[in-house]
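The values are calculated or read from the model by the stated rules, or taken from the named source; none is laboratory data. Note that the structure is predicted; figures quoted are calculated from it, not measured. Here the Cβ is made from the backbone with ideal geometry for all residues, glycine too, and neighbour counts use every protein chain on show. For the accessible areas, the whole protein counts, side chains as well, though only heavy atoms, and no ligand, DNA or RNA atoms are used. Shrake-Rupley method; radii C 1.70, N 1.55, O 1.52, S 1.80 Å.
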Amino acid sequence: MTGGGCPACAGNGLYRFVHREILLLLALGAIAGTLFLLTRAAAAANRGMRVREAAVWFDLGQRQLQARRLEEAVTSLRRATAIDRDNGGYRLRLAEALAASGHDGAARQVLLELRERAPEDPDINTSLARLEVRRQDLTAAVRYYENALYGSWPADQATARRHLRVELIRYLLEHGKQRGALSQLLVLSANLPEEVPLQVETAQLFMSAGDSRQALEHFRQALRADRDNAVALAGAGE
């Protein structure tokens, strides 16, 4: 038979061509997948190495800060934050080191950048409040103190939160803001443990804020637990 060729042969040729193309695509896919996995593993290894390096610099900065080698601490903590830019804890500690070494402007800038990401973080707002106290900006300091107090506190930090509220109350009283101090005192006294030193301290703060009735009540609570407490007796008598 002449002319036209063999249909079966043509079909087999097409089949072999398609089969080769499929095998080629599968091989290319396997290679691409392997390269992707290798690249991801290399990136993860590099990331892990950088995290460990940043941790070394951070630990060094911590030790230098505790030893009051402030400028060295700033340098080490800057390196830690430069290597691990996503670690907010490192940046917060850098801000504390900057403030401790007198670089208030740089510390404030770091804290404001952190606050953009976590506006309710108590530690960030507390650090900003204390910087504003040093800058003698009463309005800003009170705002940051209040943001810190009404932020997101872990359940096990009730004592730290109470100490911060007392810090704010004393700051308000120092600047003649009795009304604001009384508002904070009422919040403080509403959840106050029945501990004599705390009751006496709160009573004294109420006295300084001009509320003798509340002061007397807390002195009496202290005396119920310790009838011979000299400070509570003297305060109640006054």
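Testing Asn125 on (1) touching a Phe, Trp or Tyr at 6+ places or on another chain (Cβ under 9 Å); (2) open to solvent by 20 Å² or more (accessible area, probe 1.4 Å); (3) not charged (D, E, K, R), one condition comes back false. Which one is that? Failing condition for Asn125: (2). Assess whether Ser76 counts as being more than 19 Å from the chain's Cα centre (by Cα) and open to solvent by 10 Å² or more (accessible area, probe 1.4 Å). Against the criterion (more than 19 Å from the chain's Cα centre (by Cα) and open to solvent by 10 Å² or more (accessible area, probe 1.4 Å)), Ser76 does not qualify. Would you confirm whether or not the stretch 191-203 contains a residue that is small (Gly, Ala, Ser), open to solvent by 50 Å² or more (accessible area, probe 1.4 Å) and assigned to a helix (DSSP H, G or I)? No, the stretch 191-203 has no match at all. Just checking, does the stretch 178-187 include any residue being out of contact with any Leu (no Cβ under 7 Å at 6 or more places or on another chain) and within 30 Å of Gly88 (Cβ to Cβ)? Yes, the stretch 178-187 contains at least one residue that is out of contact with any Leu (no Cβ under 7 Å at 6 or more places or on another chain) and within 30 Å of Gly88 (Cβ to Cβ).
Of the residues making up the stretch 180-218, those that are within 22 Å of Arg143 (Cα to Cα) and touching an Asp or Glu at 6+ places or on another chain (Cβ under 7 Å) number 1. Answer yes if at least one residue in the stretch 148-158 is assigned to a helix (DSSP H, G or I), open to solvent by 20 Å² or more (accessible area, probe 1.4 Å), at pLDDT 95 or above and on the phi < 0 side of the Ramachandran plot, and no otherwise. The answer is no, given that none of the residues of the stretch 148-158 is assigned to a helix (DSSP H, G or I), open to solvent by 20 Å² or more (accessible area, probe 1.4 Å), at pLDDT 95 or above and on the phi < 0 side of the Ramachandran plot. Please determine whether any residue of the stretch 129-139 is small (Gly, Ala, Ser), in a helix (DSSP H, G or I) and within 17 Å of Glu96 (Cβ to Cβ). The answer is yes; a qualifying residue exists. Kindly indicate whether Arg78 is of a type outside the set (A, V, I, L, M), at pLDDT 70 or above and touching a helix residue (DSSP H, G or I) at 6+ places or on another chain (Cβ under 8 Å). So Arg78 fits the description; yes. Criterion applied to Arg85, Arg93, Arg135, Arg63 was being surrounded by 14 or more Cβ atoms within 10 Å (Cβ to Cβ) and either under 12 Å from the mean Cα position of the chain (by Cα) or basic (Lys, Arg) (or both), and the one residue passing it is Arg93.
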